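The values are calculated or read from the model by the stated rules, or taken from the named source; none is laboratory data. Predicted model only: the values in this text are computed from it and were never measured. Positions of Cβ are generated from backbone atoms using ideal geometry, with glycine treated the same way; all protein chains shown enter the neighbour counts. Ligands, DNA and RNA are excluded from the accessible area calculation, which covers all protein heavy atoms including side chains. Shrake-Rupley method; radii C 1.70, N 1.55, O 1.52, S 1.80 Å.
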Amino acid sequence: MANAPSAPPSAQLTPHGASFARLGGIWALATLILDQLVKAVFLYGYDFISCAPCAPWLEGENLCLPCPPVEVTGFLNFVMVWNTGVSFGLFAAGSLAGTLVLVGFSVGMSVLLGVWLMRAENANLALGLGLVIGGALGNAIDRAIYGAVADFFQFHAFGYDWYVFNVADAGIFFGVVFILLDSLGLGPWRTRKE
């Protein structure tokens, strides 16, 4: 009895490769859950939800009610910023259609990154992709619910303020760092599948 030909090794998802995909999936889910939990604490615990998002298609007038910052340390404030754009407020959506485009883009990119994650060959890449996927989906949920992304963390020192961000943004940032380390052949978990 002849054995059936098997798929080439590059087309097979080995048990080791599946564990990298699982690792990335766990990090994506953890990032998404942590992001949404932290946002719930700030929006409803600190009552930052009462600060109206600056989105003209929401009910009523386009009111942007500022919330006073909560000073945590000499270098960290909790503030409420509704970001209608992408990173650093770029490409701000000024309409419902623009917001839907950004939600669709985030979900679409997450799907493509998920396909890449299924082919991840080491933990660095899997971790990086998982963090980016979880962060992108966390911000997409905000856009779908509120019409903007809720950002809270503001670092400042020596008279300089940095961009306000959230857990999802941090996940995306550190995910990109791990992906770059992997592309350069660097990083703490460079074990490749066999």
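One table, with the values for the structure above:
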read-out: Filter result (open to solvent by less than 30 Å² (accessible area, probe 1.4 Å) and of a type in the set (D, E)) within the stretch 141-180; value: D142, D151
read-out: Single residue of R143, R119 found to be in contact with a helix residue (DSSP H, G or I) (Cβ under 7 Å, 6 or more places away or on another chain) and among the charged types (D, E, K, R); value: R143
read-out: Test: residue in the stretch 109-124 that is outside any loop (DSSP other than H, G, I, E, B), of a type in the set (V, I, T) and surrounded by 21 or more Cβ atoms within 10 Å (Cβ to Cβ); value: no
read-out: S19 vs. criteria over 16 Å from A148 (Cα atoms) and at pLDDT below 55; value: no
read-out: Hits in the stretch 150-175 - residues which are of a type outside the set (D, E) and under 11 Å from the mean Cα position of the chain (by Cα); value: F165, N166, V167, A168, A170, G171, I172, F173, F174, G175
read-out: Conditions (1) open to solvent by 80 Å² or more (accessible area, probe 1.4 Å); (2) more than 15 Å from L113 (Cα to Cα); (3) at pLDDT 95 or above; (4) out of contact with any helix residue (DSSP H, G or I) (no Cβ under 6 Å at 6 or more places or on another chain); number of the one not met by K39; value: (1)
read-out: Candidates G85, G60, G74 - the one that is part of a loop (DSSP other than H, G, I, E, B), modelled with pLDDT under 90 and either under 16 Å from I172 (Cβ atoms) or among the polar types (S, T, N, Q) (or both); value: G85
